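Engineer: Next up is a structure, given as structure tokens.
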Amino acid sequence: MHSIIGTILLIITAMATYHAFMNSKFMEDHIFHVDKILISKEYKRLISSGFLHANWFHFGFNMIALLSFSMSIEVLFGYGKFLLLYFAALIGGNLLSLYIHRNQGDYRALGASGAISGVIMASIVMFPNSEISFILLPFSMKNWVFGLLFILISIFGIKSNAGIIGHDAHFGGAIIGVILAVIMMPEIITLNWWIILLILIPSFLFIILIIRNPAVLMVDHYWGETIRSVKQRPVHKQKSNEKTLNELLDKINIEGIDSLSKSERETLDRLKEGL
């Protein structure tokens, strides 16, 4: 037995992805693009980008994940709530990505990963002690272990800006998935409160951190602590650089990243390279 809504989403996504491959203008008009959303107000991209993929491998991986988890959610919540969860996670993931990349006007992304992350995480908090297996890999793990690893990998992926994976969209979609699962079926708070807390506590702490201190996303190996040392610098220059960097980080904390002048941004980039 297969998920009806999951299958319909797969077909629509396949058609949109194929059309985008054949028509570059269609791709350009619907991909997630920061400036097009923030400046041109093309908010449709928050949804349309979730139906496009970079290649057929990207599409296939996402759709296998969707069909693997959608059946249980569809049965428990029904068609309407399943669709609500899917699109809320898609939009939520893209909104977090938009916030994180708001100063990178050329940032572009595509894929259904945020929506699917929401479906996966909702399934995990519903059935934390079930096991998840992996294609072509000879082992499995408990759902709750996978869920916690997913969140931690997403956090460190966002922090390090690693690779071409949209960790921010995954992370945002996953959080929405957990929250909506709790809203739609409140009794899981009593049954599975521990996995809900394991996922949401580090997630909310990280979100609070990057909102209060955006420099965390700009400086390598920096998690909000005061900079105490700069290696391989003369003592007087080291103190000067520490003071300058801390002043810039304080300014970002108080007034936001947009408050930095061009010369201050260049100084911050230079100091980042010296850490």
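Engineer: Note the full-extension length gain between residue 201 and residue 145 as 0.36 nm times their separation in residues minus their Cα-Cα distance, in nm to one decimal.
Structural biologist: Full extension from residue 201 to residue 145 adds 18.6 nm.
Engineer: With loop defined by DSSP as not H, G, I, E or B, and exposure as at most 11 other Cβ atoms within 10 Å, which is the longest segment of the chain clear of exposed GluC sites (Glu not before Pro)? Could the numbers behind the result be given before it?
Structural biologist: On the way: sites that count: 187, 225.
Between the exposed loop sites, the longest stretch runs 1-186.
Engineer: Count charges around residue 94 for me, please; just the other residues with Cβ under 14 Å from its Cβ, Lys/Arg as +1, Asp/Glu as -1. Write out the running numbers ahead of the final one.
Structural biologist: On the way: positive: 36, 44, 45, 102, 108; negative: 42, 168.
Value of the local net charge: +3.
Engineer: Residue separation times 0.36 nm, minus the C-alpha to C-alpha distance between residue 265 and residue 130: what's the value?
Structural biologist: 43.8 nm
Engineer: Where in the chain is the longest stretch that carries no chymotrypsin sites (Phe, Trp or Tyr not before Pro) classed as loop by DSSP and with at most 11 other Cβ atoms within 10 Å?
Structural biologist: Numbers: sites that count: 134, 139, 223.
Answer - 1-133.
Engineer: Round to the nearest 10 and give me the degree value, 0 to 90, for the angle of helix 4-22's Cα axis relative to the longest principal axis of the chain.
Structural biologist: Taking Cα atoms only, the helix is inclined about 60 degrees.
Engineer: I want to verify the translational diffusion coefficient of the stretch 46-176 in µm²/s; compute it with Stokes-Einstein, Rh as the Kirkwood radius over Cα pairs, at 25 °C and 0.890 mPa s.
Structural biologist: In µm²/s, the coefficient rounds to 164.
Engineer: Here is a follow-up. Report, in debye and to the nearest 20, how large the dipole of the chain comes out about its Cα centre when Lys and Arg carry +1 and Asp and Glu carry -1 on their Cβ. It would help to have the intermediate numbers written out before the result.
Structural biologist: Values: 22 positive and 20 negative charges, 99 e Å.
The dipole of the chain has a size of about 480 debye.
Engineer: Roughly how many whole Å is it from the C-alpha centroid of the stretch 16-36 to that of the stretch 198-222?
Structural biologist: 31
Engineer: Say the dipole of the chain comes from +1 at the beta carbon of Lys and Arg and -1 at that of Asp and Glu; which of 80, 152, 213 then lies farthest toward its positive end?
Structural biologist: 213
Engineer: Follow-up. If R₀ is 25 angstrom, what is the calculated FRET efficiency for the pair residue 21 and residue 102, using the beta carbon separation as r and rounding to 0.05?
Structural biologist: It comes to 0.30.
Engineer: Could I ask something else about it? Using Cβ counts within 10 Å as a stand-in for footprinting exposure, how do 44, 36, 142 rank, fewest first?
Structural biologist: Ordered from fewest to most neighbouring Cβ atoms within 10 Å, 44, 36, 142 come out as 44, 142, 36.
Engineer: What net charge is computed for the residues neighbouring residue 123, neighbours being all others with C-beta under 15 Å from the C-beta of residue 123, Lys and Arg scored +1, Asp and Glu -1? Write out the running numbers ahead of the final one.
Structural biologist: Details: positive: 81, 142; negative: 74, 131.
Residues close to residue 123 contribute a combined charge of 0.
Engineer: If one takes the longest principal axis of the Cα atoms in the chain, at what angle in degrees, from 0 to 90 and to the nearest 10, does the Cα axis of helix 56-100 lie?
Structural biologist: Helix 56-100 and the main axis of the chain meet at about 20 degrees.
Engineer: Which value in Å is the Kirkwood Rh of the chain over different Cα pairs?
Structural biologist: 20.2
Engineer: In this model, which of 25/142; 44/142; 81/251; 41/142; 36/262; 41/262 are farther than 32 Å apart at the alpha-carbon?
Structural biologist: 25/142; 44/142; 81/251; 41/142
All of the numbers you see were taken from the coordinates with simple rules; none came from a lab. This is a predicted model, so every value here is computed, not measured. Neighbour counts run over all protein chains shown; Cβ positions are idealised from the backbone, glycine included.
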